[in-house]
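Some notes on the structure that comes next.
The values are calculated or read from the model by the stated rules, or taken from the named source; none is laboratory data. Just so we're clear, the structure is a prediction, and the values are computed from it rather than from any experiment. Here the Cβ positions follow ideal geometry from the backbone for every residue, glycine too, while neighbour counts run over all protein chains shown.
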Amino acid sequence: MSNQLKAWDRVLKAREAQRPKASDYIENLIDDFMELHGDRNYGDDKAFICGIGYLEGIPVTVIAQQKGKTTKENMERNFGMPNPEGYRKAIRLMKQAEKFGRPIITIIDTPGAYPGMGAEERGQGEAIARSMFEMSQLKTPIIAVVIGEGSSGGALAICIADKIYMLENAVYSILSPEGFASILYKDSSKCKEAAENMKLTSYDLKELGIIDEIIKEPKKGIENDFEKVVHQLRQKILQDIAEIEKMKPTEMLEKRYEKYRQIGNTFD
Amino acid sequence: MVIDQIKKINQVGSEIVKNEEASNMLIGKWVKCDNCKEILYKEEVHENLNVCPNCGKHFRISSRRRIAQIVDEGTFEEMNSDMPIKDPLHFEGYVKKIQALQEKTKLKEAVQTGIGEIYGEKAILAVMDGNFMMGSMGSVVGEKITYAIEEATKQRLPIIIFCVSGGARMQEGIISLMQMAKTTQAFMKLNKAGLLSVCVLTDPTTGGVTASFASLGDIILAEPKALIGFAGPRVIEQTVKQKLPEGFQSSEFLLEHGFIDKIVERKDMKKVLYQILKLHHSTENK
């Protein structure tokens with residue numbers, strides 16, 4: 001039944017304030033989580049929560065984009081729109097994870113990288129590019145989970161992974177349906193139509209081979225049975241880590257490369 | 001200079017025509033510089049590498065002209081010149097639009113890739129073209145650039161990428177977005193193989209191209225006064241609700257903020273590229 005939801009309905013669900021945020025996933029998935037701050041260069045971007053902890057006893061590094069649940073938190077978190085220092089914090093801690101052989105879990109939930117003046121002055125484009133550049137050859141397993149809104153390069157920047165999960169009602173797209181409509185239809189109010197055409201739902205993206213697996217959401221709403229979602233995710237990630245760690249690092253990197261190499265060649 | 005010639009022409013006969021009207025009348029042979037507003041003789045502009053002889057404004061040029069300006073005559077061998085169009089979203093009118101552009105521009109897509117020599121130094125080249133859907137990157141552009149980078153890695157050659165792009169191509173949706181990942185990871189492999197990459201940013205280089213390979217060259221050059229950024233100026237102005245200062249996101253601005261190595265005028269570009277290739281020559285082919 002939920003398979004029948006319109007794309008636009010999922011966009012709205014993906015953005016709901018009560019929908020679990022990255023901090024909820026961290027709290028339920030990771031034991032003894034310790035947040036680590038700063039990019040060692042400019043500042044600490046609160047649109048990213050990064051840190052270390054245990055997943056069922058395995059030390060992991062978590063790189064997560066955080067939207068607020070309240071207006072106050074959203075102000076603090078810049079509505080989940082990272083600045084360059086957010087990506088640079090992520091890069092720093094992902095390289096640290098590689099150094100200590102820790103698997104990386106990235107959690108994606110952003111309306112996009114922040115299009116502000118400071119962001120441009122500090123190289124937003126370079127920061128996003130560098131993050132993908134480094135992730136593509138990190139010798140440690142990377143698991144990505146799109147939990148809400150995965151919009152544009154700001155989302156993709158931390159989505160270069162060995163395995164990509166997507167929550168059933170999350171969306172992942174080149175930009176927001178409003179932006180898409182205003183560029184291509186010259187009318188941002190046509191966002192519903194845009195959403196239908198953009199192929200941004202988990203089912204569309206699974207079909208296109210952009211993501212690996214969909215995490216089903218409970219019928220009564222994800223916020224009402226979050227434990228069930230977390231349990232599924234935990235089991236799957238543990239299984240993935242075990243499988244990826246069986247591979248030689250070169251094989252892991254080659255597979256990661258092929259994953260993105262094939263995208264765009266699999267349809268016609 | 002040229003404006004004086006125009007004034008003379010204007011005064012032929014008894015009626016004095018205003019400059020602007022004159023420029024309209026003389027369309028075909030004359031162009032108006034959108035920067036200094038000087039009326040310029042087209043042929044003179046062309047001979048000046050499409051740079052305004054009056055103010056030095058670098059006008060946009062086609063990939064074909066760029067290749068002719070940079071690559072030794074007769075050495076350019078194009079790769080993948082004819083890849084099939086892809087329309088993953090089945091976006092209304094997209095295929096027709098591409099076909100019309102192919103007809104009009106005599107180009108197949110927004111980038112030309114190949115191998116060529118610069119004063120005898122061999123390199124792989126990818127030259128984007130702003131006349132083709134504003135140089136936007138869809139699956140064909142992404143594939144051609146990725147292939148070129150992989151070919152450079154395989155043949156152990158340096159790669160030079162001339163960038164001009166409005167960013168990822170909207171009509172191919174998420175598939176376009178993924179081209180950023182694809183090109184970037186190929187760039188990383190080239191990097192790990194110890195090979196040289198040079199990116200030349202030209203007006204405009206924005207969005208998904210800035211946020212992928214364009215920002216990752218070992219050496220990043222830019223033409224003067226090009227617009228270079230991640231978000232477009234209008235989007236930024238709408239977000240911060242203020243007008244951007246003059247020169248924001250220009251090549252000069254990026255140089256000042258540490259994101260490019262050097263600004264190079266078009267007349268010096270070939271020489272500078274040669275100098276870079278020559279210095280790195282011994283590190284290739286090892």
Any residue at all in the range A:151-169 that's within 11 Å of chain B (Cβ to nearest Cβ), modelled with pLDDT under 95 and not in a helix (DSSP H, G or I)? no
Output for the range B:46-60, where each listed residue is touching a residue at least 40 places away in the same chain (Cβ under 8 Å) and hydrophobic (A, V, I, L, M, F, W, C): B:49, B:51
Any hit, the range B:164-175, residues being more than 10 Å from every other protein chain (Cβ to nearest Cβ) and acidic (Asp, Glu): no
Condition met for residue A:123 (within 11 Å of chain B (Cβ to nearest Cβ) and either under 30 Å from residue A:12 (Cβ atoms) or aliphatic (A, V, I, L, M) (or both)): no
For residues in the range B:189-212 being assigned to a strand (DSSP E or B) and crowded, with 24+ Cβ neighbours inside 10 Å, which is nearest to the other protein chains (Cβ to nearest Cβ)? B:205
Search the range B:213-255 for residues being assigned to a loop (DSSP other than H, G, I, E, B) and of a type in the set (Phe, Trp, Tyr), and hand back the single one that is nearest to the other protein chains (Cβ to nearest Cβ). B:230
Single unsatisfied condition, residue A:223 versus (1) surrounded by fewer than 19 Cβ atoms within 10 Å (Cβ to Cβ); (2) over 21 Å from residue A:12 (Cα atoms); (3) more than 14 Å from chain B (Cβ to nearest Cβ): (2)
From B:98, B:161, B:174, which residue is assigned by TED's automatic domain parsing to the domain that holds residue B:217, crowded, with 23+ Cβ neighbours inside 10 Å and in a helix (DSSP H, G or I)? B:174
For the range A:18-51, name all the residues that are outside any strand (DSSP E or B), surrounded by fewer than 20 Cβ atoms within 10 Å (Cβ to Cβ) and aromatic (Phe, Trp, Tyr). A:42
Condition check: over 30 Å from residue B:91 (Cα atoms), more than 7 Å from every other protein chain (Cβ to nearest Cβ) and crowded, with 24+ Cβ neighbours inside 10 Å. Does residue B:186 satisfy that? no
Does residue B:108 count as assigned to a loop (DSSP other than H, G, I, E, B) and in contact with a Ser or Thr (Cβ under 7 Å, 6 or more places away or on another chain)? yes
Regarding residue A:87, is this residue closer than 29 Å to residue B:245 by Cβ, surrounded by 23 or more Cβ atoms within 10 Å (Cβ to Cβ), in contact with a Ser or Thr (Cβ under 6 Å, 6 or more places away or on another chain) and within 13 Å of another protein chain (Cβ to nearest Cβ)? yes
For the range A:171-210, enumerate the residues that are surrounded by fewer than 24 Cβ atoms within 10 Å (Cβ to Cβ), under 21 Å from residue B:211 (Cβ atoms), under 22 Å from the mean Cα position of the chain (by Cα) and more than 8 Å from chain B (Cβ to nearest Cβ). A:176, A:178, A:179
Could you pull out the residue among A:85, A:126, A:98 that is more than 23 Å from residue B:233 (Cα to Cα), in a helix (DSSP H, G or I), among the acidic types (Asp, Glu) and touching a residue at least 40 places away in the same chain (Cβ under 8 Å)? A:98
If only one of B:195, B:201, B:244, B:227 is out of contact with any Phe, Trp or Tyr (no Cβ under 7 Å at 6 or more places or on another chain), within 26 Å of residue A:139 (Cα to Cα) and not basic (Lys, Arg), which one is it? B:195
Could you tell me which residue of the range B:219-259 is nearest to residue A:121 (Cα to Cα), considering only residues that are of a type in the set (S, T, N, Q) and modelled with pLDDT of 95 or more? B:249
Conditions (1) surrounded by fewer than 20 Cβ atoms within 10 Å (Cβ to Cβ); (2) over 21 Å from residue A:233 (Cα atoms); (3) hydroxyl-bearing (Ser, Thr, Tyr); number of the one not met by residue A:54: (2)
Report every pair of residues separated by at least 6 positions or lying on different chains whose Cβ atoms are under 6 Å apart, first residue within the range B:102-130 and touching a residue at least 40 places away in the same chain (Cβ under 8 Å) and assigned by TED's automatic domain parsing to the domain that holds residue B:70, second among the small types (Gly, Ala, Ser) and surrounded by fewer than 24 Cβ atoms within 10 Å (Cβ to Cβ). B:125/B:114; B:125/B:116; B:129/B:62
Can you spot a residue in the range B:212-228 that is closer than 27 Å to residue B:87 by Cβ and of a type in the set (A, V, I, L, M)? yes
Picking from B:130, B:135, B:116, which residue would you name as being within 23 Å of residue A:263 (Cα to Cα) and either among the basic types (Lys, Arg) or more than 14 Å from chain A (Cβ to nearest Cβ) (or both)? B:135
Options A:164, A:142, A:147: the member that is in contact with an Asp or Glu (Cβ under 8 Å, 6 or more places away or on another chain) and surrounded by fewer than 24 Cβ atoms within 10 Å (Cβ to Cβ): A:164
